[in-house]
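The next block holds one structure in the form of structure tokens; read it before the comments.
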Amino acid sequence: MAIDPQRSLPRSGEHMSVKEYFRLDYTAPEARYEYVGGAVRLMAGGSGEHDQIAYNTRVALSQHFLSGPCFVRSSDMRVQVADDQYVFPDVTLSCDVADRRRGNKLIRSARIVVEVLSPSTEKYDRTDKLKAYQTYPTIQEIVLISQFAPHVEVYRRDEQDSKVWHHTFYGPGQMVALESVDVEISLEEIYQGIDFDEPLSEE
């Protein structure tokens, strides 16, 4: 499929080659696409709560890595999850110094990825995207965060058998354990500024 700069933006689910996918950075610079299974998926804008939770999580994690090789990035950073699959997690942590070199635009060795779940993306995050994360060898933990209730899930790779994943739920008052980097963050930190008792806007 040839990309024509004058044509409309590719639709979610449209198939193209990896070369054509990366060309979208130039032909559609205002849009962000993920690339999984040979098809692109246009990233939609999130809610204020989605943005706040992702920011809180990134800040909480960053406080633990003010020095050393590990670092945290936002959803602006593209992450490789296979030779031909590229995504934009809400938060990514890597401990590979090659990933933090100056001017780098692609994380190749993510250790932890975080997704704040949205109604329009939750099915995708829990199926195709989760599978891609679990098959990529450097990823050790996958964090899924609800934006409608204080509820966090962590998929954790087994230390003895890399093909086995453990699934843990965390609720109010608990500390979310990220064992691959020996860090805990509280749900209060993740949901700071979020009032679940406030009714959702109908606008």
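At a glance:
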| read-out | value |
| --- | --- |
| Filter pass, residue 78 being surrounded by 16 or more Cβ atoms within 10 Å (Cβ to Cβ), closer than 26 Å to residue 151 by Cβ and among the charged types (D, E, K, R) | no |
| Count - residues of the stretch 185-201 that are at pLDDT below 95 and among the acidic types (Asp, Glu) | 3 |
| Lone unmet requirement of (1) part of a loop (DSSP other than H, G, I, E, B); (2) surrounded by 18 or more Cβ atoms within 10 Å (Cβ to Cβ) for residue 69 | (2) |
| Selection within the stretch 4-44 - in a strand (DSSP E or B) and among the basic types (Lys, Arg) | 41 |
| Subset of the stretch 47-59 (residues that are more than 20 Å from residue 148 (Cβ to Cβ) and touching a helix residue (DSSP H, G or I) at 6+ places or on another chain (Cβ under 7 Å)) | none |
| Complete set of residues in the stretch 84-98 that are crowded, with 19+ Cβ neighbours inside 10 Å and among the charged types (D, E, K, R) | 90 |
| Verdict on residue 111 being charged (D, E, K, R), modelled with pLDDT of 95 or more and closer than 21 Å to residue 19 by Cα | no |
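The values are calculated or read from the model by the stated rules, or taken from the named source; none is laboratory data. What you see is a predicted model; the values in this text were computed from it and never measured. Don't worry about glycine lacking a Cβ; one is built from the backbone with ideal geometry, like all the others, and counts go over all protein chains shown.
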